[in-house]
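Engineer: Just dropping this structure here.
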Amino acid sequence: MLERQFHVKANDFVKAGEASIEVQGLLKKIGFDPGLIRRVSICAYEAEMNVVMHGGDGEMTLSLDADRIVLECRDSGQGIEDIGLALKPGYSTAKPEHQEMGFGAGMGLPNIEKNADSLEVKSEKGKGTHLFMIFNAGGESG
Amino acid sequence: MGESKAQRHPVHYVEIDEELCNGCVLCMKACPMKAIRVKGGVARIVGVCIDCMECARVCPNGAVRGVSSADRGLEDRSRCAVCPSTVLYSQFGEDYLPNDILLGLSRMGFSYVHDQSYTAEMYEFALELYIREKRQTANPPFPLISPVCPAVVQIVAYRFPSLLTHIPPLATPREIVNREAKRRLVAKRQCAEDEVGVLHIVPCPAIMIREDDPRSRDRAVGIGTIYDELSKAVQEANEDEVLHYSGGIGLGWGISGGEIAGLNAKCIAVSGVHDTIRYLEKVEMGLLDHIEFLECRICTEGCVGGPFAVADRYQTKQLVQKYTRMFGTERRIKEKYIKKLYYEGWFESAREILPIARETPAPTVAERIEQQRKAEEILKKLGGKHCGMCGSPDCRTFAEDVAAGKASAENCAYLKGRIDKGGDWC
């Protein structure tokens with residue numbers, strides 16, 4: 001089992017996306033299937049951007065073995081009031097200034113749900129959010 | 001990964017002179033591919049080199065240079081067609097127009113001179129037709145990635161093989177002029193194809209990858225190599241012949257944004273090796289799916305910033321923009337005719353771009369994960385100064401080199417200090 005942790009800073013749009021790029025780079029070095037790498041990278045990016053925009057500071061943890069990749073993202077931000085609603089495509093709570101930057105289209109969590117093999121969302125208003133994403137790697141690598 | 005069909009040892013055209021190299025770490029640190037290590041006091045290219053020349057730009061000793069096949073290419077000009085990069089047109093200042101430069105080449109004794117800017121306009125229209133076709137398909141591989149810069153193609157083949165399907169299978173202007181110039185020269189001289197060759201005058205060594213094939217008579221030389229002689233020939237040329245046919249779009253080809261300048265599509269132009277890699281990462285993550293075409297050039301500001309170019313890239317860029325205004329932004333090609341050629345397959349590329357196989361220090365995924373885990377452990381013990389004294393470009397790469405058995409932990413000055421004091425490194 002290999003584990004790596006990445007710190008994600010709130011409101012740091014300059015560094016936003018760097019953790020996901022590191023995740024992508026590591027998966028490539030190991031040589032997982034490109035399609036799988038793309039799915040994990042998309043989820044990592046969406047989760048990272050959520051932390052940057054809403055989450056306060058957070059940690060993204062990647063743990064993997066040859067059969068599965070687990071991506072966890074914990075933050076200490078504002079939390080999600082209604083998870084069911086947040087999973088609906090197009091539902092956005094992004095601030096107008098973030099939308100002006102091209103973010104906050106309300107596709108973050110729906111995109112993660114679409115690309116991860118399993119997604120668990122735990123959140124408490126005012127305390128933070130915990131995303132737990134699993135990807136099956138068995139048979140997809142070479 | 002499917003490694004059954006892949007390039008194993010791509011040729012590169014960068015050399016490090018061991019006499020001049022003093023083993024400083026600047027080139028190793030500048031290499032975006034992490035392909036250089038300092039071993040035995042000198043820098044060596046040990047990994048996949050894409051000929052971006054970032055190493056040469058930072059070397060304080062002039063030890064790194066791009067290889068140019070100068071003399072071999074110039075030996076028999078009567079049997080040689082010459083095809084200069086459009087960058088050449090802007091290397092002689094404001095007093096000379098593109099046609100003057102082409103006349104200068106003619107005066108140097110080349111049997112046939114081919115204007116690449118016109119071909120660039122043909123290619124651009126073919127590219128537009130290709131994009132239009134792709135728009136009609138269910139899942140177009142957008143953004144398409146330009147096939148023009150060979151260093152970018154090498155990066156895609158090595159670091160982003162999943163994006164190879166984004167590269168249109170179109171012949172680049174260089175590939176087209178190579179084919180067409182040869183065909184015309186054969187017709188002119190009434191001889192066999194293997195009796196003639198094409199000389200490309202290029203702004204960078206990355207172009208050598210395809211044109212400097214030792215089996216053929218085709219050659220490539222850097223602009224700097226031919227500059228002196230051409231400079232004199234350009235001043236002396238006073239013929240009336242018209243050799244330049246394109247408008248401003250074809251002439252603007254050498255600067256970043258030149259390829260997309262006349263393209264009716266949603267495009268972005270990116271230049272410089274680091275921004276190129278950053279954008280390819282974005283494409284791979286699906287963040288640029290709304291863009292139809294991505295022009296990437298490995299040199300900052302485009303080919304005018306190539307390491308073999310003689311004139312300053314920013315002044316050159318200004319001159320290219322002046323040419324574009326002067327010659328107009330209308331394509332001078334016959335669109336109906338080009339369309340016919342396109343549908344006849346005239347623009348299809350003869351080359352197949354294969355992924356470049358990654359070095360696989362461990363054969364299975366499980367073993368490679370174990371190797372990365374070991375590297376993580378080693379990394380925690382390193383100083384984190386990224387000094388390069390160990391011979392690897394940064395601490396993480398060093399940890400990976402040690403985990404793969406390619407370097408010894410004792411090469412790290414920080415660790416060695418601990419070992420010398422009686423501590424164990426691990």
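Quick note: the coordinates plus some simple rules give every number you see, no bench work behind them. Remember, it's a predicted structure, so these values are computed and weren't measured experimentally. Note that each Cβ is placed from the backbone with ideal geometry, even for glycine, and that neighbours are counted across all protein chains shown.
Engineer: Using Cα pairs under 8 angstrom and six or more residues apart, how large is the relative contact order of segment B:297-426, in percent?
Structural biologist: Working: 78 pairs, mean separation 17.5, N = 130.
Relative contact order of segment B:297-426: 13 percent.
Engineer: Follow-up question, since we're still on this one. What percent does the relative contact order of segment B:56-210 come to when contacts are Cα pairs within less than 8 Å and at least six residues apart?
Structural biologist: 36 percent
Engineer: Run lengths n ≥ 4 of DSSP H only: what is the helix-derived mean residue ellipticity at 222 nm for the protein assembly as shown, with -39500 (n - 2.57) per run over all residues, to the nearest 500?
Structural biologist: On the way: 21 runs with 211 residues, N = 568.
Calculated at 222 nm, the ellipticity per residue is -11000 deg cm²/dmol.
Engineer: Another question about this same structure. For B:Asp312 paired with B:Arg325, estimate the spin-label separation in nm (one decimal), with each label point 7 Å from Cα along the Cα-to-Cβ line.
Structural biologist: 1.9 nm
Engineer: Here is a further query. Calculate the spin-label point distance for B:Thr137 paired with A:Asp12, positioning each point 7 Å from the Cα along the beta-carbon direction, and give it in nanometres.
Structural biologist: In this crude spin-label approximation the distance works out to 4.0 nm.
Engineer: Under 26 Å between alpha carbons, and skipping anything fewer than 8 positions from B:Lys336 in its own chain: which lysines qualify?
Structural biologist: In chain and number order, the partners are B:Lys134, B:Lys182, B:Lys266.
Engineer: Here's something else I'd like to know. Give, rounded to the nearest 20 debye, the magnitude of the charge dipole that segment B:70-343 has about its Cα centre when Lys and Arg contribute +1 at Cβ and Asp and Glu contribute -1 at Cβ.
Structural biologist: 720 debye
Engineer: Gain in length, A:Lys95 to A:Thr61, computed as 0.36 nm per residue apart minus the alpha-carbon separation, to one decimal in nm?
Structural biologist: 9.6 nm
Engineer: Once amide H atoms are built 1.01 Å from N in the peptide plane, which residues 5 or more positions from B:Ala43, or in another chain, come under 5 Å H to H?
Structural biologist: Residues meeting the amide H criterion: B:Gly23.
Engineer: Which trypsin sites (Lys or Arg not before Pro) from segment B:215-290 combine a DSSP loop assignment with at most 16 other Cβ atoms within 10 Å?
Structural biologist: Within segment B:215-290, the qualifying trypsin sites (Lys or Arg not before Pro) (loop, at most 16 other Cβ atoms within 10 Å) are B:Arg215, B:Lys266.
Engineer: Sequence-distant or interchain residues sharing an amide H contact under 5 Å with B:Gly222, placed H: which?
Structural biologist: Excluding prolines and chain starts, which carry no amide H, the hits are B:Ser69, B:Val202.
Engineer: Which entries of A:Lys28/B:Lys381; B:Lys34/B:Lys406; A:Lys9/B:Lys34; B:Lys380/B:Lys416; A:Lys28/B:Lys374; A:Lys9/B:Lys374 show an alpha-carbon separation above 19 angstrom in the structure shown?
Structural biologist: Flagged as over cut-off: A:Lys28/B:Lys381; A:Lys9/B:Lys34; A:Lys9/B:Lys374.
Engineer: Report the residue, chosen from A:Gly128, A:Gly58, A:Gly31, that carries the largest GNM mean-square fluctuation when chain A is represented by alpha-carbon nodes joined by springs under 10 Å.
Structural biologist: A:Gly31
Engineer: Between B:Gly93, B:Thr364, B:Ala233, whose Cα lies farthest towards the positive end of the dipole of chain B when Lys and Arg beta carbons carry +1 and Asp and Glu beta carbons carry -1, centred on the Cα centre?
Structural biologist: Towards the positive end, the residue furthest out is B:Thr364.
Engineer: What residue among B:Ala220, A:Met1, A:Met107 has its Cα farthest toward the positive end of the dipole of the protein assembly as shown, where the charges are +1 on Lys, Arg and -1 on Asp, Glu, each on the Cβ?
Structural biologist: Ranked along the dipole, the leading option is A:Met1.
Engineer: Using Cα centres only, tell me the gap between segment B:121-193 and segment A:1-71 in whole Å.
Structural biologist: Here the two parts' Cα centres lie 34 Å apart.
Engineer: Counting Lys and Arg as +1 and Asp and Glu as -1, each charge on the Cβ, what is the dipole of segment B:25-170 about the Cα centre in debye, to the nearest 20? Display every interim value, and only then the final one.
Structural biologist: Values: 15 positive and 13 negative charges, 205 e Å.
With Lys and Arg at +1 and Asp and Glu at -1, about 980 debye.
Engineer: Of all DSSP beta bridges in the protein assembly as shown, what percent run antiparallel (nearest 5)?
Structural biologist: Looking only at bridges with both residues in the protein assembly as shown, the antiparallel portion is about 65 percent.
Engineer: For the protein assembly as shown, what is the charge dipole size about the Cα centre, in debye to the nearest 20, if Lys and Arg each add +1 at the Cβ and Asp and Glu each add -1 at the Cβ?
Structural biologist: Charge dipole of the protein assembly as shown: 260 debye, to the nearest 20.
Engineer: Evaluate the relative contact order of chain B (contact order divided by residue number), counting alpha-carbon pairs under 8 angstrom at least 6 apart; express in whole percent.
Structural biologist: 21 percent
Engineer: Could you list B:Met122, B:Met326, A:Met107 so that the one with the fewest beta carbons within 10 Å of its beta carbon is first and the one with the most is last? Please list the in-between numbers first.
Structural biologist: Working: B:Met122 25, B:Met326 11, A:Met107 15.
Fewest to most other Cβ atoms nearby, the residues stand as B:Met326, A:Met107, B:Met122.
Engineer: Among A:Ala86, A:Phe135, A:Ser123, whose Cα sits farthest toward the positive end of the charge dipole of segment A:2-136 (+1 at Cβ of Lys/Arg, -1 at Cβ of Asp/Glu, about the Cα centre)?
Structural biologist: So the residue we want is A:Phe135.
Engineer: Ok, one more. What's the FRET efficiency of B:Lys406 with A:Asn136 using the Cβ-Cβ distance as r and R₀ = 35 Å, to the nearest 0.05?
Structural biologist: With R0 = 35 Å, the Cβ-Cβ based efficiency is 0.65.
Engineer: Which ordering of B:Val113, B:Val82, A:Val70 is given by a fewest-first count of other beta-carbon atoms within 10 Å?
Structural biologist: Listing B:Val113, B:Val82, A:Val70 from fewest to most nearby Cβ atoms yields A:Val70, B:Val113, B:Val82.
Engineer: If you project the alpha carbons of chain B onto their three principal axes, what span does each projection cover, largest first, in Å?
Structural biologist: Each principal axis gives a Cα extent; for chain B these are 82, 54, 42 Å.
Engineer: Highest GNM mean-square fluctuation, chain B, Cα pairs closer than 10 Å: which of B:Ala357, B:Ala187, B:Ala206?
Structural biologist: Largest GNM mean-square fluctuation: B:Ala187.
Engineer: Taking other Cβ within 10 Å of each residue's Cβ, how do B:Leu185, B:Leu199 sort, fewest first?
Structural biologist: B:Leu185, B:Leu199
Engineer: Which angle from 0 to 90°, rounded to the nearest 10, does the C-alpha axis of helix A:18-30 make with the longest principal axis of chain A?
Structural biologist: Once rounded, the angle reads 10 degrees.
Engineer: Per residue Cα convex hull volume for the protein assembly as shown, in cubic angstrom?
Structural biologist: 171 Å³
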